[in-house]
Amino acid sequence: MSHATISQWENGKRVPHPDDVASMLAVIGVTGKRRGEILDLSRNAAQRNWLTTGVPGIAQQLEALLECERTATEVIECAPLLVPGLLQTADYARAIIGADATLSRAEIDARVELRIDRRKILTEDRDDRPPVDYTVFVGEWALRQRVGGSDVLAEQCRQLLKAAALPAITLQVVRIADGWHPGLQGPVVLYNFAEAPSIVHLEHHRSSAFLYDDPDVTAYKLAVPEIRRAAMDPDDSAAYITQMMSGLEKQE
């Protein structure tokens, strides 16, 4: 194999054929399940938009998600139904993750810990990068759905107010109202980078999709101002969350 060919693979200028990948895996002794996963990636590597499904441990899509969070300069998220992962409390996250009957207690604890650890991108420097500029549109339904019960949701509201006070975070609530806006179509995250094209992430129950094609990403970028127009401003949003929290605390 020529050095030039390998260099082009490593730099993303050419996509290796699955037969070449299979040969290299044989030489370096990769077998079994890991070999199958890598060959699956090689068969779909030419597709710019790709779908990944969950596997035990840190799944492939989670690894990609963490890399996006580590390197993005700006993250814009729309979360119409649930509080987004970057802002969840441990109890709120546990109520969601713990509902998966396929996970052991240790796996649940590890996933909750990882989710909470992801918050660091909002408050700490990342490899000499400042905290990410995070804009989040939280649907009113997410503040009404009592995930984990009233006390858990009340604590989650307190956490949202603390997050909204951070300089790198803009939090806006999207009220339930008449009319349509793109935020009603489901959760979506837009990652913007300093020196790379933007990426869109769509998350589902057991899988997630990353979109790279310019027309797709542009469509989601154009949706952001429409969602912003449907949302309350940050001050009114904080007041609304405070009101919701007060009502929940009275019920505890």
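General observations
- Single residue of the range 224-252 satisfying the filter (closer than 21 Å to G183 by Cβ and of a type in the set (S, T, Y)) that is least open to solvent (accessible area, probe 1.4 Å): S237
- Hey, E63 closer than 30 Å to E249 by Cα, open to solvent by 30 Å² or more (accessible area, probe 1.4 Å), out of contact with any Gly (no Cβ under 8 Å at 6 or more places or on another chain) and without any contact (Cβ under 8 Å) to a residue 60 or more places away in the chain or not: no
- Of the residues A110, A101, the single one that is in a helix (DSSP H, G or I), open to solvent by 50 Å² or more (accessible area, probe 1.4 Å), among the small types (G, A, S) and modelled with pLDDT under 95 is A110.
- Subset of the range 2-16 that is within 22 Å of D40 (Cβ to Cβ) and of a type in the set (A, V, I, L, M) - its residue that is most open to solvent (accessible area, probe 1.4 Å): V15
The values are calculated or read from the model by the stated rules, or taken from the named source; none is laboratory data. This structure is a prediction, so every number in the text was calculated from the model and none was measured. For neighbour counting, all protein chains shown are included, and Cβ atoms are generated from backbone atoms with ideal geometry for every residue, glycine included. Keep in mind that these areas ignore ligands, DNA and RNA; they rest on the heavy atoms of the full protein, side chains included. Shrake-Rupley method; radii C 1.70, N 1.55, O 1.52, S 1.80 Å.
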